[in-house]
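The values are calculated or read from the model by the stated rules, or taken from the named source; none is laboratory data. Keep in mind that what you see is a predicted model, and the values were worked out from it rather than measured. Virtual Cβ from ideal backbone geometry, glycine too; neighbours counted across all protein chains shown.
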């Protein structure tokens, strides 16, 4: 039930509020107590106590609005939906001088991605004169919601075919997720990037995102598996940039990666598989025979597939926790990252690792396309229903 008074919402309640009002009356609560508990006016309580039917069962009649106006609203919403779903495609040519390869790529995107773009197009192409607020109201009434777009790699047809093939191979061994240690690097900095939205009744009180042009950064290397998690800090090296100035650089090279892997070699030898992506340092260590000499089997991981790695969700959990702590400086940032990593329960880590099979199934269902977090949740819910 919407927590507004009757003057602002004109005494409207939903079916849940209708049931709560009648349940409270059956318990013997007074009208004043019901209005106070549900944050509505007493006149609203009286009105809906006198009506035997729920709001959804009432006659669909707009008070004071004629048929002509209702037809105009319906036509406007139909135009808004058409513009919101309209897409455009364009081609772009790229040339690689070293290989001498010329490619033509086709991109498809929404033509009017925001409510402001839709309102401007509607005013330009039709006789309607609307604002972005009206467009947002029409989209909500049509079941649309504004979602934050997630970052994803750009996949070609070759990438999708490779991902699909590898996922089918992963599915042949159902115990691969139980016997694999997943690995990945992550950069943490002092900038705010997770708290992008803030609820407020006054726009002037909304806090800005704190962004530094050169934020403090710490690079870490993480390992997770069933009953296992470990975090290592990538060492910082002083280097000279192109201007001759000494700067602190943090990157994973072949030598640094080998040195860090030596700390976890006993754990990797106990596991059946080790997962790493196709970064240059990782591939160089693999080609040097580092894993073969130590009897470690490395999964053949498809290119551009961070969405299949369950540790990416772990980095999001750690990043939000670090941002709430408000770190300042390299040492404090590393301390907070280590603390946030240690605070994640092992049960959560195990759950993320066990979701790998669901990620693989989602990738197969989508033909090798990008797997979103919402896809994994839906797949897990389907499996829970089947188990019942």
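Annotations for the structure displayed:
- Selection within the range 283-300 - within 30 Å of residue 377 (Cα to Cα) and in contact with a strand residue (DSSP E or B) (Cβ under 6 Å, 6 or more places away or on another chain): 297, 298, 299
- Spans of helices (runs of 4 or more DSSP H) in the range 316-388 with at least 3 residues more than 30 Å from residue 303 (Cβ to Cβ) and touching a residue at least 12 places away in the same chain (Cβ under 8 Å): 330-343
- Between 123, 129, 187, the distinction of being at pLDDT 85 or above and either loosely packed, with under 10 Cβ neighbours inside 10 Å or in a loop (DSSP other than H, G, I, E, B) (or both) belongs to 129 only.
- Of the strands (runs of 3 or more DSSP E) lying entirely inside the range 207-283, those containing at least 2 residues that are at pLDDT 85 or above span 217-225, 228-233, 273-275.
- Looking only at the range 134-156, and only at residues there that are in contact (Cβ under 8 Å) with a residue 12 or more places away in the chain and surrounded by fewer than 10 Cβ atoms within 10 Å (Cβ to Cβ), the one that is farthest from residue 368 (Cα to Cα): 148
- Scanning the range 1-25 for residues that are modelled with pLDDT of 70 or more and more than 14 Å from residue 46 (Cα to Cα) yields 14, 15, 16.
- Some residue of the range 322-340 being surrounded by 13 or more Cβ atoms within 10 Å (Cβ to Cβ), within 20 Å of residue 224 (Cβ to Cβ), touching a helix residue (DSSP H, G or I) at 6+ places or on another chain (Cβ under 6 Å) and modelled with pLDDT under 90: yes
- Cβ separations smaller than 7 Å between residues 6+ apart or across chains give the following pairs from the range 262-285 residues that are in contact (Cβ under 8 Å) with a residue 24 or more places away in the chain to residues that are loosely packed, with under 13 Cβ neighbours inside 10 Å and not in a helix (DSSP H, G or I): 269/295.
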